[in-house]
Amino acid sequence: QVQLVESGGGLVQPGGSLRLSCAASGNIFSIYVMGWYRQAPGKQRELVAVITTNGNTNYADSVKGRFTISRDNAKNTVFLQMSSLKPEDTAVYYCHVLGGRGDYWGQGTQVTVSS
């Protein structure tokens, strides 16, 4: 079994910051790509940011310049630093891992941006 444990969501005012973390554990043979997706009410799940083992990153246009993804390969952990948050960033954020034995999703963590 593989477990993805997310943390760091919450309520923040517009312009504020949050940092999400996701730690992968269990029977993961190897991890290639780690990333974050989000799903707002009534909308499809969308990619936010991904990072490869060697540090290559890709971001959704809507978060470029505001969000930064990083990872600690030794701890199988991925982070998402979110700054200058906007109400439209409100969503459930999901951690995703692509490994040698398949891909896995976290349970999701709620991020709400509101005054």
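Per residue of segment 58-64, in order, report the coupling 6.51 cos²θ - 1.76 cosθ + 1.60 (Karplus, θ = phi - 60°) as ³J(HN,Hα) in whole Hz, putting x for Gly and Pro.
Ordered by residue, 3J(HN,Hα) equals 9, 10, 5, 4, 5, 10, 4 Hz.
For the chain, what does the accessible surface come to per residue with a 1.4 Å probe? Please give it in Å².
Solvent-accessible surface per residue comes out at 53 Å².
Find out how many positive minus negative residues lie around residue 110, taking Lys and Arg as positive, Asp and Glu as negative, among other residues whose Cβ is under 12 Å from that of residue 110.
Surrounding charge for residue 110 is -1.
Trypsin sites (Lys or Arg not before Pro), restricted to segment 1-109: which are DSSP loop and have at most 16 other Cβ atoms within 10 Å?
43, 45, 64, 66, 101
Within segment 2-42, which chymotrypsin sites (Phe, Trp or Tyr not before Pro) sit in a loop by DSSP and count at most 10 neighbouring Cβ atoms inside 10 Å?
When the chymotrypsin sites (Phe, Trp or Tyr not before Pro) of segment 2-42 are filtered for loop state and at most 10 Cβ neighbours within 10 Å, 29 remain.
Give, as a single signed number, the net charge of other residues whose beta carbon lies under 14 Å from the beta carbon of residue 20, with Lys and Arg counted +1 and Asp and Glu -1.
Net of charged neighbours comes to +1.
The values are calculated or read from the model by the stated rules, or taken from the named source; none is laboratory data. Predicted, not measured: the structure shown is a model, and the values here were computed from it. Cβ coordinates were reconstructed from backbone atoms using ideal geometry, including for glycine residues, and neighbour counts include every protein chain displayed. Please note that ligands, DNA and RNA were not included when accessible areas were found on the heavy atoms of the full protein model with its side chains. Shrake-Rupley method; radii C 1.70, N 1.55, O 1.52, S 1.80 Å.
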